[in-house]
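The values are calculated or read from the model by the stated rules, or taken from the named source; none is laboratory data. Just so it is clear, the model here is predicted, and its values are computed rather than measured. Cβ: placed from backbone, ideal geometry, glycine included. Neighbour counts: every protein chain shown. Side chains are part of the model used for accessible areas, which takes the heavy atoms of the whole protein and leaves out ligands, DNA and RNA. Shrake-Rupley method; radii C 1.70, N 1.55, O 1.52, S 1.80 Å.
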Amino acid sequence: MKLTLIKPNMGRMMTGSYVDEGRMEPLQIGILAALTPSDVEVVFYDDRMEDIPFEDQTDLVAITVETFTAKRAYEIAAIYREKKVPVVIGGMHPTLLPEEAMRYADAIMTGDAENVWTLMIEDAKSGLLKKHYKGDFSCKPQKNVFPRRDLFENKGYLPISLMQFSRGCTNGCHFCATSVYFNKTHHCRDIQAVVDEIKSQKLKLVFFVDDNIVSDHERAKDLFRALIPLKIKWVSQASIDMTEDEELMRLMMKSGCLGNVIGFESIKAETLSGMNKGHNIGENFDAYKGQLQILRKYGHQTWAAFTIGHDEDTLDSIYETLKFAKKNKFAFAAFNVLMPYPSTKLYEDLKSQNRLLYDGNWWLHDDFRFNHAPYMPQNMTSDDLTQIGFECRKSFNSITSIIYRATDLKTNMRTPYKFITYLIYNPLFRKEVYKKQSMILGNGEKS
Ligand code: B12
Ligand code: SF4
């Protein structure tokens, strides 16, 4: 049997197809390939930069789907199904919205694949695919396999190895798709398995794609202790309450952490409370003053993620957030329009208030464009929100801002390695700001 794995692109720019120059290895593809029995031939196509050879013979197509790639994924599925090749889809979006996904595939898989993938492959071999495979979290992430990274060779990915220590997060921010997918649970791999996987790698720069690597402080400390002798450099995602535990911070930075993506979301306590992000507020909240001192003390290169368009936000408060991000010389920052992902509390609230645009399913709507607000905000128009989001991204990533932010001896200039990382990635992200804005989802043809 031949299995074709596909990672779909998000869409097209007005001027032609979008090629993500900052693309990274798709970890789920490597894991699914590794879980596949060895008598099955596996090929992989990354739609983000290569053409899918639809004419090639294959027996089963498996597509990984996020909400932003759903439209393109369904287009790809339709082409194969037209040729009578069965298609299975899985990942974040089908798990959030199984009824929709079922309309576009022969089979769907919801939740994690580790426990049901081989069963699905056996069913496909005998031509007896079931409509719905339900994964669960009863085994450790990745089971006992290492991702098949041989499938990633010569695809031009950034020289950074994607890995995972844990999946999920115990917090429940109202906008977060991950918290719905994992139902506020957190699952860790055995630390020795992570260490062995790192040792098997040539690349010594690792991106732990954990949703929140410090969700369990004690487990995280154990991991960091085990990483110290490996002398790697790594980045991940972490919640800012890590700054309340200095032992955690010390071990984290000693183990080679350059910095993490941190969900700041907002600099106002009432906005953070409104989105159920109390763990950012802590005691005596003063626009993150205390937390930032700790981050700087340990030389943490911060990738600050903000979401804009909350009910408490105004145009002024968003400009204030931009000023805050520049003033604190964050290495990187994201100003994402708050996206109502299906099945989140945010989505359900906006739906019940009749505030969703694009018929409530922006991810499939022909008129929706990337980074546009798909709902009516409280204190501005949706166009204002789209515009101010773009302005924040442009301004934060302007040449003057890049030069100004570089000059932080405690973080971005703390070591030559950190400075080089800063200099390589800032121009790359600057370019992406312009390329991605208003991108059309899918192949651009009206459905
Ligand atoms: C790493 C990551 C990135 C990396 C991407 C790295 C890469 N390879 O290209 C970077 C930082 C670049 C990134 C970018 C973005 N990301 Co991102 N990212 C993640 C993150 C943290 C981890 C993904 C991952 O690798 N997980 C590890 C793998 C092993 O787990 P998995 O994908 O869940 O796969 C398992 C199962 O789902 C299942 N499965 C998966 N696919 C399939 C397919 C089949 C057929 C089957 C049967 C099973 C199956 O099996 C796997 C093993 O159990 C997720 C959070 C998350 N938990 O998903 C967000 C997440 C996917 N990202 C998200 C978003 C919004 C984005 C951006 C749009 C942000 C932006 N505004 O620019 C961009 C664009 C993404 C794109 N498609 O191009 C959202 C998506 C929300 C949604 N509803 O879809 C998430 C969920 C974060 C969040 N909390 O909301 N991202
Ligand atoms: S802390 Fe981050 S990963 Fe956890 S629920 Fe909130 S947004 Fe999601």
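Helical runs (DSSP H, four residues minimum) scored at -39500 (n - 2.57) apiece and divided by the length of the chain put the mean residue ellipticity at 222 nm at -10000 deg cm²/dmol. Taking the DSSP bridge list for segment 2-134 and keeping only pairs wholly inside it, about 10 percent are antiparallel. Computed from the alpha carbon atoms alone, the convex hull of segment 38-115 holds 103 Å³ per residue. Unpaired cysteine residues in the chain (no second Cys Cβ under 4.7 Å): Cys139, Cys169, Cys188, Cys257, Cys392.
Roughly how many whole Å is it from the C-alpha centroid of segment 350-379 to that of segment 70-140? Taking the Cα centre of each part, segment 350-379 and segment 70-140 sit 27 Å apart.
Which percent of the accessible heavy-atom area of the chain goes to carbon and sulfur, probe 1.4 angstrom? Its accessible area is 52 percent carbon and sulfur atoms. Global size of segment 1-61: 13.2, 43 Å for Rg and Dmax (C-alpha atoms, Rg to one decimal, Dmax whole).
Remark: segment 163-176, residue by residue, has Karplus-estimated 3J(HN,Hα) of 8, 9, 9, 9, 10, x, 6, 8, 7, x, 5, 5, 9, 8 Hz, where x stands for each Gly or Pro and the curve is 6.51 cos²θ - 1.76 cosθ + 1.60 at θ = phi - 60°.
The alpha carbons of segment 2-134 give a radius of gyration and a Dmax of 14.0, 44 Å, in that order.
The residues of the chain have, on average, 42 Å² of accessible surface per residue, using a 1.4 Å probe with all protein chains present. A simple packing score, the average count of other Cβ atoms within 10 Å per residue, orders the peptides 232-239, 152-159, 138-145 as 232-239, 138-145, 152-159, with the highest score first.
Hey, got the dipole for segment 87-153? About the Cα centre, +1 on K and R Cβ, -1 on D and E Cβ, debye to the nearest 20?
The dipole magnitude comes to about 100 debye.
Where the centroid of each part is defined by its Cα atoms, how far is segment 197-237 from segment 263-279 in Å? Computed from Cα coordinates, the inter-centre distance equals 27 Å.
From the largest down, segment 88-224 spans 43, 39, 27 angstrom on the principal axes of its Cα atoms.
Pull up the DSSP beta bridges for the chain and report the antiparallel fraction as a percent, rounded to 5.
Beta bridges within the chain, antiparallel portion: roughly 20 percent.
When the Cα positions of Met439, Ile402, His365 are compared along the charge dipole of the chain, Ile402 comes out farthest toward the positive end, with charges on each C-beta of Lys, Arg, Asp and Glu.
When the P(r) of segment 159-300 is calculated, the portion above 26 Å amounts to 24% of the C-alpha pairs. Using all pairs of distinct alpha-carbon atoms, the Kirkwood hydrodynamic radius of the chain works out to 22.8 angstrom.
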